[in-house]
Ligand SMILES: [Ca+2]
Ligand SMILES: [Ca+2]
């Protein structure tokens, strides 16, 4: 493991660029490029500004509301367009400051040739309803092999929101599937259901901050569950993953989850769950050639657990779990595979680091 860069301010995402450099988000609102050699660039301008109070007109951004950096919110994930080499378009998720609170939103913009600015910035998705706290925003972004953008969301934590996770008239606790321009694909599962939000792909999640597609084009996620109930799920269109009707674990207070059972007809079981929890962050199915023994493994960052988790998958089951880099004592926020087949990690620290993981010689 090599530390490529230090001094990042609570990085949330690392996204490898085709030329070997990295796009990095910092939760407090900066999007930066860090070069392969570890040179940290100035913040890219054109992002929505960071605000703390009421909605302000964001000058130069068409009046779009700013990012609110509060609690778990801020500038969150980033993803490159599937045709980035051609369209230079970047997508990012963030907690958006709105009139009555905040909500997870996704914006897109085009990176200028000099990589200093974003142009044509616009918000393409807004999770509803708006809610006034700083918790459980999700939100990983993953493009599927179908070219659609999948957005993972959270339940906004407070107990009155939990029933909404099981209802289709809102986005809380859902995975969203949209086209890259923000429009709704006609083959989404609930487009014809009266009263359902058409962007919804599945439902029943507590807070998903991990998502990755495997080589077969299947979507895997890991979510922050209750105490003793972080889950690995294999996502299928239109299915219900249970929260807070079906769940493992208990409330963080130690009480049982009100009314919940561990299994029920009509609800998906996780592939795997953790007790004690790992507090998952980003994830990556490894598909490269640099680590032949790791091909097909799923890597997941651990926040509270301060380690990189490797899962060995066989026939859709977890047959092995390994914990790496725990000796570093840092909260791991994201893990991605670079174009060179190596693994890259960012740590959720005020002096956050970017790591490169290479095979032992
Ligand atoms: Ca990402
Ligand atoms: Ca579940």
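Of all the residues in segment 315-341, those that are closer than 17 Å to residue 213 by Cα, part of a loop (DSSP other than H, G, I, E, B) and touching a residue at least 40 places away in the same chain (Cβ under 8 Å) number 4. Please indicate, with yes or no, whether at least one residue in segment 157-173 is within 16 Å of ligand 2 (Cβ to nearest atom), outside any strand (DSSP E or B) and closer than 22 Å to residue 89 by Cα. So far as segment 157-173 goes, no, none of its residues is within 16 Å of ligand 2 (Cβ to nearest atom), outside any strand (DSSP E or B) and closer than 22 Å to residue 89 by Cα. The set of residues in segment 186-213 that are under 28 Å from residue 14 (Cβ atoms) and away from ligand 1 (no atom under 16 Å from the Cβ) comprises 199, 201, 202, 205, 206, 207.
Is it the case that segment 318-330 has a residue that's modelled with pLDDT of 95 or more, within 16 Å of ligand 1 (Cβ to nearest atom), closer than 15 Å to residue 306 by Cα and under 20 Å from the mean Cα position of the chain (by Cα)? Checking segment 318-330: not a single residue is modelled with pLDDT of 95 or more, within 16 Å of ligand 1 (Cβ to nearest atom), closer than 15 Å to residue 306 by Cα and under 20 Å from the mean Cα position of the chain (by Cα).
Of the conditions (1) outside any strand (DSSP E or B); (2) within 17 Å of residue 165 (Cα to Cα), residue 231 fails just one. Which one is it? With (1) outside any strand (DSSP E or B); (2) within 17 Å of residue 165 (Cα to Cα) applied to residue 231, the lone miss is (1). Scanning segment 259-270 for residues that are more than 10 Å from ligand 2 (Cβ to nearest atom) and in contact (Cβ under 8 Å) with a residue 24 or more places away in the chain turns up just one, 266.
When segment 31-55 is filtered for residues that are over 26 Å from residue 86 (Cβ atoms) and buried (at least 21 other Cβ atoms within 10 Å of the Cβ), nothing remains. Has segment 282-300 got at least one residue that is under 21 Å from the mean Cα position of the chain (by Cα), at pLDDT 95 or above, assigned to a loop (DSSP other than H, G, I, E, B) and within 16 Å of ligand 1 (Cβ to nearest atom)? There is at least one residue in segment 282-300 that is under 21 Å from the mean Cα position of the chain (by Cα), at pLDDT 95 or above, assigned to a loop (DSSP other than H, G, I, E, B) and within 16 Å of ligand 1 (Cβ to nearest atom).
So that you can scan it fast, the table gives a plain yes or no per residue for (1) farther than 20 Å from residue 7 by Cα; (2) in contact with a strand residue (DSSP E or B) (Cβ under 9 Å, 6 or more places away or on another chain):
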| residue | (1), (2) |
| --- | --- |
| 311 | yes, yes |
| 315 | yes, no |
| 333 | no, yes |
| 344 | no, yes |
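Within segment 192-221, the residues that satisfy the criterion of being part of a strand (DSSP E or B) and either at positive phi or away from ligand 2 (no atom under 11 Å from the Cβ) (or both) are 200, 201, 207, 209, 210, 211, 212, 213, 219, 220. Taking segment 281-296 as the range and being without any contact (Cβ under 8 Å) to a residue 60 or more places away in the chain and surrounded by fewer than 16 Cβ atoms within 10 Å (Cβ to Cβ) as the test, the residues that pass are 289, 292, 293, 295. Residues in segment 134-153 that are more than 10 Å from the chain's Cα centre (by Cα) and within 16 Å of ligand 2 (Cβ to nearest atom): 136 alone. The set of residues in segment 121-143 that are more than 16 Å from ligand 1 (Cβ to nearest atom) and either within 17 Å of residue 209 (Cβ to Cβ) or in a loop (DSSP other than H, G, I, E, B) (or both) comprises 127, 128, 129, 130, 132, 133, 134, 135, 136. Just to be sure before I move on: is residue 240 farther than 23 Å from residue 12 by Cα, within 16 Å of ligand 2 (Cβ to nearest atom), in contact with a strand residue (DSSP E or B) (Cβ under 7 Å, 6 or more places away or on another chain) and modelled with pLDDT of 95 or more in the structure I sent? For residue 240, the condition - farther than 23 Å from residue 12 by Cα, within 16 Å of ligand 2 (Cβ to nearest atom), in contact with a strand residue (DSSP E or B) (Cβ under 7 Å, 6 or more places away or on another chain) and modelled with pLDDT of 95 or more - is met.
Taking segment 224-257, which residues are within 15 Å of residue 157 (Cα to Cα) and free of Cβ contacts under 8 Å to residues at least 24 places away in the same chain? Result: 253, single match.
The values are calculated or read from the model by the stated rules, or taken from the named source; none is laboratory data. Worth saying up front: this structure is predicted, and the values here are computed from it rather than measured. With ideal geometry, Cβ positions are generated from the backbone for all residues, glycine too; neighbour counts draw on all protein chains shown.
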